[in-house]
1. Can you find a residue that is more than 21 Å from the chain's Cα centre (by Cα), farther than 30 Å from Gly51 by Cβ and at pLDDT below 90 anywhere in segment 117-128?
2. Six or more apart or on different chains, Cβ atoms under 7 Å: show the pairs whose first residue is in segment 185-197 and closer than 16 Å to Arg213 by Cα and whose second is of a type in the set (Lys, Arg) and surrounded by 11 or more Cβ atoms within 10 Å (Cβ to Cβ).
3. Under the condition of being touching a Pro at 6+ places or on another chain (Cβ under 8 Å) and touching a residue at least 60 places away in the same chain (Cβ under 8 Å), which residue from segment 25-48 is nearest to Leu199 (Cα to Cα)?
4. Tally up the residues in segment 49-100 that are free of Cβ contacts under 8 Å to residues at least 12 places away in the same chain and among the basic types (Lys, Arg), please.
5. Which one of Met143, Met183, Met149 is touching a Phe, Trp or Tyr at 6+ places or on another chain (Cβ under 7 Å) and in a helix (DSSP H, G or I)?
6. Please state which one of Thr241, Thr272 is assigned to a strand (DSSP E or B), modelled with pLDDT under 85 and out of contact with any Gly (no Cβ under 9 Å at 6 or more places or on another chain).
7. Checking the structure you have, find out if any residue of segment 107-120 is in contact (Cβ under 8 Å) with a residue 60 or more places away in the chain, closer than 30 Å to Asp12 by Cβ, part of a loop (DSSP other than H, G, I, E, B) and in contact with a helix residue (DSSP H, G or I) (Cβ under 7 Å, 6 or more places away or on another chain).
Amino acid sequence: MTLISTAVRTADPIVSVRGVSKTYAGGFQALKHVDLDIQRGEIFALLGPNGAGKTTLISIICGIARASTGTVLADGFDTEHHYREARAAIGLVPQELHTDAFESVWATVNFSRGLFGKAPDPVYIEKVLRDLSLWDKKDNKIMTLSGGMKRRVLIAKALSHEPKILFLDEPSAGVDVELRHDMWRMVRELRENGTTIILTTHYIEEAEDMADRIGVIRRGELIVVEDKDVLMRKLGKKQLTLTLQHALERLPEALASWPLELSGNGLTLTYTFDTQKEETGIAELLRALAGQGIDFKDLQSSESSLEDIFVSLVHNQQEARA
């Protein structure tokens, strides 16, 4: 059941998933009636715990796996009945480092372009390799490269045929900071040029920084699909933390109705408030504290990160199923 779903529907989403379920031979249901539209030119981040169904959903959209039920359109083509046309619109960077170990970097990227019926374009391939800091490795055999460099080659292969849709499945897993920065710079450039980016990641701060919309998947179900900024406003919480002049053993009865938490050996008072309400209640709280003779020497405000929201969503979903 989707908790939040206000995804913008357009007449022509670049990826359209309708009623997709996946049940394996042993009876395990990896996906449960997933509906999702991904808009042209957006960066969409798909988040979820391990085993939630992220890779299965991506594999079905890319035509690598078949859905038990439902349909998928990629750039207007049914991925099952018009596989070649749909697949030509998609570039995929998988989690696993499967590469042609005995081929050179140049040969394997150039060959990938030819697999999709694209005419040779050495100028474009050079640009991709330079953007990924692979140009000086172009004649090296892939087997001689480090893990980070092999990851760069996978990205280059996925971009070789100039896809309209780029899937990045856990692209930051096990890569160095330099590659991560190079990769996200390239992702921004690709989006600016009209490429649609769909990524799964364990680095939630990257999704918070990069994505236009967020989807959260849990046990094969999409529980959230929302614009990132709207999600942050709807589910984010702000907190005011006050460091008290003198420790309290307990909160006075007069403050019992306030959403307050006493911690730090009675020296820290935390007030949590709703970001969507016009009135924060802070002024009233401070007056109430003064009325109880409670003085403070410092106060700080903070707000929920996307990671806080993600953890809260998954935790609440677990509790609802318990």
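The values are calculated or read from the model by the stated rules, or taken from the named source; none is laboratory data. In this text the structure is predicted, and so the values were computed from the model without any measurement. Note that we place each Cβ from the backbone using ideal geometry, even for glycine, and neighbour counts take in every protein chain shown.
1. Yes, there is a match, as at least one residue in segment 117-128 is more than 21 Å from the chain's Cα centre (by Cα), farther than 30 Å from Gly51 by Cβ and at pLDDT below 90.
2. Final answer for the pair search is Thr195/Lys164; Thr196/Arg40; Thr196/Lys164; Ile197/Arg191.
3. In this case the residue turns out to be Ile38.
4. Total satisfying the criteria: 1.
5. After ruling out the rest, the residue left standing is Met143.
6. Step by step, each of Thr241, Thr272 is checked, and only Thr272 is assigned to a strand (DSSP E or B), modelled with pLDDT under 85 and out of contact with any Gly (no Cβ under 9 Å at 6 or more places or on another chain).
7. no
Let's see how each residue does on (1) surrounded by fewer than 21 Cβ atoms within 10 Å (Cβ to Cβ); (2) not in a strand (DSSP E or B):
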residue: Val17; (1), (2): no, no
residue: His33; (1), (2): yes, no
residue: Ala45; (1), (2): no, no
residue: Leu57; (1), (2): no, yes
residue: Gly63; (1), (2): yes, yes
